[in-house]
Amino acid sequence: MTQNKIEVSGLNFAYAVQPVLKDLSFTLEPAAIGLLGPNGSGKTTLLRALLGHLDNWSGKISFMGRDISVDGRSARKQIGWMPERGRILPGFSGVGMVAYLGELGGMPASDALQRAHEVLNFVGLADQRYRQADTYSQGMGQRLKLAQALVHDPQWLLLDEPTSGLDPQGRTAMLKLIRDLANDHNFGIILSTHLLSDVREVCSEILVLRDGNLLQHTKIESTVGKGTDLFSVEGTGETADFILALENAGATVEVIKEVITVKLDSAQAVILQAAQQTNFSLRRMEPVTDSVEDVFFKLVDA
């Protein structure tokens, strides 16, 4: 698995004189990784760089040890690309389109056709494989684009807004496919999206960009859900004495409708000690955790 990593070092790129990517460096192991950032942050440009579609960039990008500036063709064979727009070819059936794109990726025609049937079955289009691709619904079209990204059996998938335009049922189905690919088939996946709920449902890591800078690359579990310094407390007894004991210990305390919020490093121990000192009977003490949305907005609004 460690041989399947993506390594980016000192990546810079500018359109004309305007910097878009600024000294980006990170290493990705195979996992489902959410690529987040406000509009204009450089997400799409970063995907284009990983695909080798940019000129005049500086730095280094390698897939599985292959430098894309030296051996770009071999590196790109390890990448499946699902763009947000386009990629539905008129005049082709679903299976014909996927097989054709497999051939363009270097597969023999017979292998490409066999593989096309397999991936269309995986994405749930087996019954529609011979239908004209340009008559597919929005949801079917998105699944078809995922199939063409898979046809050549890559190691990594780059997905740009894969649930764009989908109804709730279609979105649920697409996210399930992405989860299966990451968890059951060991694909590395970079999911670029503005829907933070999609990231929360399928990703285990996040990359956050703002103005071309990398703000954070971390596992979601290390960013979300710690809750060690913020607790919500309810109980009975002398509330004023309990709050005073907390504040004397250095805690920031807020009370809303009998719910006491306590913020302090090692807050749990301080709460227990203050309750014991003031004979305050605790009914509930729970950590208050940040969501992916909370983390994202804190980063980009900083």
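Considering Cα pairs under 8 angstrom that are at least six residues apart, work out the relative contact order of the chain and quote it in whole percent. Please list the in-between numbers first.
Numbers: 579 pairs, mean separation 59.0, N = 302.
It comes to 20 percent, rounded to a whole number.
Just tell me which lysines come within less than 21 Å, Cα to Cα, of residue 145; anything on the same chain fewer than 8 places away is out.
Those lysines meeting the cut-off are 43, 77, 176.
Which listed residue (168, 138, 27) has the Cα farthest towards the positive end of the charge dipole for the chain, taking +1 on Lys and Arg C-beta and -1 on Asp and Glu C-beta about the Cα centre?
With unit charges placed on the Cβ atoms, the residue in question is 138.
Relative contact order of segment 141-289, please, whole-number percent, based on alpha carbon pairs below 8 angstrom and at least 6 residues apart.
Working: 188 pairs, mean separation 29.4, N = 149.
Here the relative contact order equals 20 percent.
Given 0.36 nm per residue, what is the gain on full extension from residue 130 to residue 277 after removing their alpha carbon distance, in nm? Present the calculation step by step, with values, prior to reporting the outcome.
On the way: separation 147, 0.36 × 147 = 52.92 nm, distance 7.45 nm.
Answer, rounded to one decimal: 45.5 nm.
What's the FRET efficiency of residue 236 with residue 213 using the Cβ-Cβ distance as r and R₀ = 51 Å, to the nearest 0.05?
On the way: r = 49 Å, r/R0 = 0.97.
Using R0 = 51 Å, I get an efficiency of 0.55.
Could you tell me the relative contact order of segment 5-138? Use alpha-carbon pairs under 8 Å, at least six residues apart, and round to a whole percent.
Numbers: 167 pairs, mean separation 26.0, N = 134.
With pairs under 8 Å counted, the relative contact order is 19 percent.
Match the structure shown to one of the listed values [x] 1.26; [y] 0.99; [z] 1.19 of Cα Rg over 2.2 N^0.38 Å, computed from it, and give that label.
[x]
Counting other Cβ atoms within 10 Å of each Cβ, which trypsin sites (Lys or Arg not before Pro) in segment 1-100 have at most 11 and sit in a DSSP loop? Numbers along the way, then the final one.
Values: sites: 5, 22, 43, 48, 60, 66, 73, 76, 77, 85, 87; in loops: 5, 77, 85, 87.
Here the trypsin sites (Lys or Arg not before Pro) that fit, given the DSSP loop and packing criteria, are 85.
Coordinate-derived values only; no laboratory data. These numbers come from a predicted model, not from an experiment. Here the Cβ is made from the backbone with ideal geometry for all residues, glycine too, and neighbour counts use every protein chain on show.
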